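The values are calculated or read from the model by the stated rules, or taken from the named source; none is laboratory data. Worth saying up front: this structure is predicted, and the values here are computed from it rather than measured. No Cβ is skipped: glycine too gets one built from the backbone with ideal geometry, and neighbour counts run over all protein chains shown.
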Amino acid sequence: MIDITYETAPLHILLVDDHPLFVDGFKHMLAQLRPHVSVQVALNFSSALQILDGEAVFDIVLLDMGLPDVDGYAAIKTIRGHYPLQPVVVLSANEEKQLINLALAEGVQGYIPKSTRSEVMIGALNLVLAGGIYIPKIALSMGELSGQSINDIPTPIRVTQPPRSDGIRELLTPRQITILENLANGLSNKEIARELNIADGTVRVHMSTIYRILGVDNRTQAVVKASKLGLTTA
């Protein structure tokens, strides 16, 4: 029997954006994600923090990078620091590849340019809801990211429902398995980057993906769960 609970469960989304016209249009689009979608709106970052302080974890926080009361990257760091289990997807009119890379390195689950077509946005959000990370085509098409080849960039994980423990290995790339081995051996992000000859930011993006797949929110939990699942030898 096919489990349809994941596709029909109500969604709770926090939309943080200070452009009322965009908010109205985006709320209409979000209604297409599931039969039941609840969207709370914060027009500035201060309001968003008040909502996050008083609520359980949202399915997604959609964060505009151009808010009037905070720098975009400071907003990401604050949410990731205070609410580590909270999935965050960036919405931005800025499509500079370097800025996309920086946001992904901070651990967001996706970066969606505001110029993206609505059907692509829906697909991107469904990917994140399924446990993946959405990287826009403009970032994947540049030939390198932080000096690394496209093969070193965690690509979106395309799953239709939350992964079961017996299928987790298939969702992890060989690079991510290697990173887990290094984590189990006590290496830091910088040491892993040197060991694999990749950028620190690339390691952080891989780590964010690993956390999402394993359903954990820190290095220790990742190592413990990976060991229990037989993903590492340490």
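For residues in segment 28-42 being surrounded by 15 or more Cβ atoms within 10 Å (Cβ to Cβ) and not hydrophobic (A, V, I, L, M, F, W, C), which is modelled with the lowest pLDDT? Looking at the filtered set, the residue picked out is Arg34. Residues in segment 57-68 that are touching a strand residue (DSSP E or B) at 6+ places or on another chain (Cβ under 8 Å), under 19 Å from Arg212 (Cα atoms) and among the aliphatic types (A, V, I, L, M): 4 in all.
Among the numbered conditions (1) at pLDDT 85 or above; (2) assigned by TED's automatic domain parsing to the domain that holds Asn94; (3) not polar (S, T, N, Q), the only one that Ile133 does not meet is (1). In segment 74-93, the residue that is farthest from Pro136 (Cα to Cα) out of those that are surrounded by fewer than 15 Cβ atoms within 10 Å (Cβ to Cβ) and without any contact (Cβ under 8 Å) to a residue 40 or more places away in the chain is His82. When the test is whether a residue is crowded, with 18+ Cβ neighbours inside 10 Å and either assigned by TED's automatic domain parsing to the domain that holds Gly123 or at pLDDT below 90 (or both), Gly25 does not pass it. Among residues that are touching a residue at least 40 places away in the same chain (Cβ under 8 Å) and within 20 Å of Ala9 (Cα to Cα), Leu62 is included.
Residues that are among the small types (Gly, Ala, Ser), more than 20 Å from the chain's Cα centre (by Cα) and at pLDDT 90 or above were ranked within segment 43-66; the one that is surrounded by the fewest Cβ atoms within 10 Å (Cβ to Cβ) is Ser46.
Looking across segment 211-234, the residues that are within 19 Å of Lys77 (Cα to Cα) and either at pLDDT 80 or above or surrounded by fewer than 18 Cβ atoms within 10 Å (Cβ to Cβ) (or both) come down to Tyr211, Val216, Asp217, Asn218, Arg219. Out of (1) surrounded by fewer than 18 Cβ atoms within 10 Å (Cβ to Cβ); (2) at pLDDT below 80, the odd one out for Pro174 is which? In the conditions (1) surrounded by fewer than 18 Cβ atoms within 10 Å (Cβ to Cβ); (2) at pLDDT below 80, Pro174 misses (2) alone.
Among the conditions (1) without any contact (Cβ under 8 Å) to a residue 12 or more places away in the chain; (2) assigned to a helix (DSSP H, G or I), the only one that Gly186 does not satisfy is (2).
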